[in-house]
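Contents: one structure, followed by commentary.
Throughout, read-outs are computed from the coordinates displayed, never taken from laboratory work. Model, not experiment: these values are computed from the prediction. Cβ placement follows ideal geometry from the backbone for every residue including glycine, while neighbour counts extend to all protein chains displayed.
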Amino acid sequence: LYFKTVTLRVRYENFETHTHSKTLPFITNRLQDLKKTAKELIQDYLKPERKIRLVGVRVSNFVSAEKQKPLVITS
C-alpha cells in the first residue's frame, strides 16, 4: 500500500489544535519519506513559548501496489 498525503495534527496545552497536510508529488511507502515530510510540517508549530500536548501524523490518498502502473523506459 502506497500513500501520497501526510497530515500533521498539533494540540497545544490549552487544547488549541492545528492541522496541516502536504501532498507529495509522488506515491511512496517509505518510512523515510513519512518522517521527512512530518518533520517539515511540524517546524511551523515548534515555538519555545508554546507547550505541545499532542502530535498526530496520518497518511492518506492510498494506492495499492496492484494498481500502480509500471514505469516503462524506452530509448
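In degrees, nearest 10, range 0 to 90: what is the angle between the Cα axis of helix 31-42 and the longest Cα principal axis of the chain?
With both axes taken from Cα atoms, the answer is about 40 degrees.
Please report THR19, THR7 as a ranked list, fewest other C-beta atoms within 10 angstrom at the top and most at the bottom.
THR19, THR7
Would you look at the GNM of the chain, springs on alpha carbons closer than 10 Å, and say which of LYS47, LYS35, LYS22 moves the most?
Evaluated over the chain, the most mobile residue of the options is LYS47.
Quick one: net charge of LEU41's neighbours, Cβ under 13 Å, K/R +1, D/E -1?
Local charge sum for LEU41: +3.
If Lys and Arg each add +1 and Asp and Glu each add -1, what is the summed charge of the other residues whose beta carbon sits under 12 Å from the beta carbon of LYS51?
Neighbourhood net charge equals +1.
Quick one: compute the contact order of region 3-60, relative version, from alpha carbon pairs under 8 angstrom and 6+ residues apart, as a percent.
55
Taking only pairs that are 8 or more places apart or on different chains, how many Lys pairs in region 3-60 have Cα atoms under 22 angstrom apart?
Number of lysine pairs found: 13.
When the helices in the chain are scored as -39500 (n - 2.57) per DSSP H run of 4 or longer and the sum is shared across all residues, what 222 nm value do you end up with, to the nearest 500 deg cm²/dmol?
-5000 deg cm²/dmol
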